[in-house]
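Worksheet for the structure shown next.
The values are calculated or read from the model by the stated rules, or taken from the named source; none is laboratory data. Not measured: the values here are computed from a predicted model. Cβ atoms come from the backbone with ideal geometry, glycine included; neighbour counts cover every protein chain shown.
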Amino acid sequence: MSKITAAEVNKLRKQTGAGMMDCKKALVEAEGDFDKAIEILRKKGQKVAEKRSDRDANEGVVIAGTNADNNFAAMVTLSCETDFVAKNEEFVGVAKRLLDIALNERPASVEDMKNLTYDNGLSVSDKITEEVGKIGEKIELSDLQSIASDSTIAYNHPGFKTATIVGLNIASEEVSSAGKNVAMQIAAMNPIAIDSNGVSEEVKARELEIGREQALKEGKPEQIIDKIAEGKLQKFYKENTLLNQQYFVDNKQTVGGYLKTVDKELTVTDFKRGSLV
């Protein structure tokens, strides 16, 4: 294959947090395949801060909100080419208007959203095209997520680069406050599922394989390799599934444990996270 470029190495470093040389070696071994390179880094025991979503997004804003009844939440990502445009008040205003449309009309997909009316008979798709003509950059509605539940909460991190929406099974003022804390937890800790039941079989198999390979490289006896790998999988659940993560306000309890202190029946029904960082 062609030579691995410095730009590719830097991209992997930004994506994973691993060292430059480690990233270069992983890319060479993976023949330029980024997903394979990430897996190689993890198998070698590298601490990889893998970004699980929105990898193709460049610049833009992610904005979330709820309807008046707080039983429906939506999150839109409006992408552009430069941070300069992303910080433009008009651009952010368009994103906020798109969020209002999503909350009122509840479109099922980005394509459905594009066909809705923006204002004065102009469709969302046509409005975005209009903005491209004004600004001179590629602009696109790159993502739309929504949740319907008994109670929903939205959190926008300052700067509109990261946002989350959360669904809970109980609605009350106290639950809403707890939901805001959970939404901030999701923004900060980026879980991949609510609990271990939401983790795909593919991911479980991959984590077990990584655990076995790490144990073998550490020289552990073969008869306990599977047990060690299972232990590493359980650790993976604690670090990467929402209800099993340490609660960021009080790391002596899990997020699930925190919710039980609010209401013993309280739990998360769904969550979405969008990020451009």
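Looking only at residues in region 179-190 that are touching a Ser or Thr at 6+ places or on another chain (Cβ under 8 Å) and crowded, with 22+ Cβ neighbours inside 10 Å, which one is farthest from residue 75 (Cα to Cα)?
Restricting to residues being touching a Ser or Thr at 6+ places or on another chain (Cβ under 8 Å) and crowded, with 22+ Cβ neighbours inside 10 Å, the top hit is 179.
How many of the residues making up region 225-277 are assigned to a helix (DSSP H, G or I) and within 25 Å of residue 202 (Cβ to Cβ)?
Selection size over region 225-277: 21.
Look at region 20-37 and say how many of its residues are over 19 Å from residue 210 (Cβ atoms) and either free of Cβ contacts under 8 Å to residues at least 24 places away in the same chain or hydroxyl-bearing (Ser, Thr, Tyr) (or both).
Residues that pass the stated criteria total 3.
Which numbered condition in (1) over 15 Å from residue 275 (Cβ atoms); (2) surrounded by fewer than 20 Cβ atoms within 10 Å (Cβ to Cβ); (3) within 14 Å of the chain's Cα centre (by Cα) is the only one that residue 176 fails?
(3)
Just wondering, is there one or more residues in region 43-54 that are in a helix (DSSP H, G or I) and modelled with pLDDT under 95?
yes
Take region 210-237 and flag every residue that is in contact with an Asp or Glu (Cβ under 8 Å, 6 or more places away or on another chain) and either touching a residue at least 60 places away in the same chain (Cβ under 8 Å) or over 23 Å from residue 36 (Cα atoms) (or both).
The answer is 210, and nothing else.
Do you know which residues across region 112-164 are assigned to a strand (DSSP E or B) and either among the aromatic types (Phe, Trp, Tyr) or farther than 24 Å from residue 184 by Cβ (or both)? If you could, list the steps in order and put the result at the bottom.
So in region 112-164, the residues assigned to a strand (DSSP E or B) come out as 117-119, 122-123, 140-148, 151-156, 162-164.
Answer for region 112-164, where residues must be assigned to a strand (DSSP E or B) and either among the aromatic types (Phe, Trp, Tyr) or farther than 24 Å from residue 184 by Cβ (or both): 117, 118, 119, 122, 123, 140, 141, 155.
Let's see how each residue does on (1) closer than 15 Å to residue 271 by Cβ; (2) in a strand (DSSP E or B); (3) out of contact with any strand residue (DSSP E or B) (no Cβ under 8 Å at 6 or more places or on another chain):
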{"site": "166", "(1), (2), (3)": "yes, yes, no"}
{"site": "177", "(1), (2), (3)": "no, no, yes"}
{"site": "185", "(1), (2), (3)": "yes, no, yes"}
{"site": "188", "(1), (2), (3)": "yes, no, yes"}
{"site": "204", "(1), (2), (3)": "no, no, yes"}
{"site": "207", "(1), (2), (3)": "no, no, yes"}
{"site": "212", "(1), (2), (3)": "no, no, yes"}
